[in-house]
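All remarks here apply to the structure that follows.
The values are calculated or read from the model by the stated rules, or taken from the named source; none is laboratory data. All values reported here derive from a predicted model rather than from experimental measurement. A quick note on method: Cβ atoms are made from the backbone with ideal geometry, for glycine too, and the neighbour counts reach across all protein chains shown. Accessible surface areas use protein heavy atoms only, side chains included; no ligands, DNA or RNA. Shrake-Rupley method; radii C 1.70, N 1.55, O 1.52, S 1.80 Å.
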Amino acid sequence: MEAGYDYLLLRGRFQKRFARFTGVFLLVFGILLLASGGAYYGYASKARSNLDTLQVSVDFVPSPAAGDPFVPPPRVVPSFSPTAISDTPLYPGDSLSADSWNSPRSYEPLELREQALLQGFTSIDPDDPTLGPIAPANRIIIPAIGIDSTVTELSILDLENSRTYETPKNAVGHIPETANAGEAGDSWFFGHTESPLRGEGSVFFTLQNVPKRLKNGETVYIITDNGSARFLYRATGTRVVHQDDMRLTESEGNNIHLVSCVPRFGYTHRLIVTGELIATDAGGRG
């Protein structure tokens, strides 16, 4: 009887210790959960309050006469030679793009790459949108912000009570019901800012840098390529809308719209970068 009584005492002490430990653990976990929730709410509120800075409208700049060779405005391009990289610091990271870290001698500044990509275009009349029909683009390049991605045509997914477009994976997605790049009308392209959970890529991660460049008076070019022809767009403005207010619009002229989610880790809004077609290159170089 005494041995059984001792067992009951030990069992009761163990249960009390376990209950005390569980209580402390749940309390600490609850505090951490509340703290992380509060931190996220604070970040999300601050991020949403800064979305107005992503809305930019650029004053219209007359395009060159239709049929003339396209000549981009002069830029201040740093001197560069194959050995100049030896004098370029690897830190801070702005000195060298991450995709060139494994081969720094092959690094080419974005300014020089842009100048090469802009060669061969012929100006068009933006008030005479007569191009088409044109094959869908399979590549899109925005040299000023380091975007160079394949393009896929998106399919429509049938859900239980609704229909939606599939999300592009590691590529930029084109809405096939909208105009192809280069055609008269509006072309709509979507890409992930980032996809930390689904791993679908971050092809439009730097798209949020376009508003700042436009505010600084820089010209941002968008190049689409379908293998047989290239089309050159000039970014004319950016705007931000709530995800529930996102609509595919139609307008006159030849326009392109690039869409990604903002702000980071919130993704409640959509950043839309709009550009106008200004030149074409039937050679499909790039």
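Give or take rounding to whole Å, what are the principal axis extents of the alpha carbon atoms in the stretch 168-261, in descending order?
Largest to smallest, the principal-axis extents are 37, 33, 29 Å.
Quick one: dipole size for the stretch 191-281, taken about the Cα centre, charges +1 on Lys/Arg Cβ and -1 on Asp/Glu Cβ, in debye to the nearest 20.
In debye, rounded to 20, the stretch 191-281 gives about 340.
Towards the positive end of the charge dipole of the stretch 197-286, with charges on Cβ (+1 Lys, Arg; -1 Asp, Glu), say which of V273, T206, G227 has the farthest Cα.
T206
Output ³J(HN,Hα) for the stretch 181-197: one whole-Hz value per residue in order, computed from phi by the Karplus curve 6.51 cos²θ - 1.76 cosθ + 1.60 with θ = phi - 60°, and x for Gly and Pro.
Once θ is set to phi - 60°, the couplings for the stretch 181-197 become 4, x, 7, 5, x, 10, 9, 10, 10, 10, x, 6, 5, 6, 9, x, 8 Hz.
Can you pull the percent of the stretch 206-286's accessible area that's carbon plus sulfur, 1.4 Å probe, other chains left in place?
45
Once you sort the root eigenvalues of the Cα gyration tensor of the stretch 206-256 as a ≥ b ≥ c, which label holds: rounded (a/c under 1.5), prolate (a/b larger than b/c) or oblate (the other case)?
Because a/c hits 1.5 or more and a/b fails to exceed b/c, the stretch 206-256 counts as oblate.
Could you tell me whether the stretch 167-206 comes out rounded, prolate or oblate from its Cα gyration tensor? Rule is a ≥ b ≥ c as square roots of the eigenvalues, rounded for a/c under 1.5, then prolate if a/b exceeds b/c, otherwise oblate.
Prolate, since a/c reaches 1.5 and a/b exceeds b/c.
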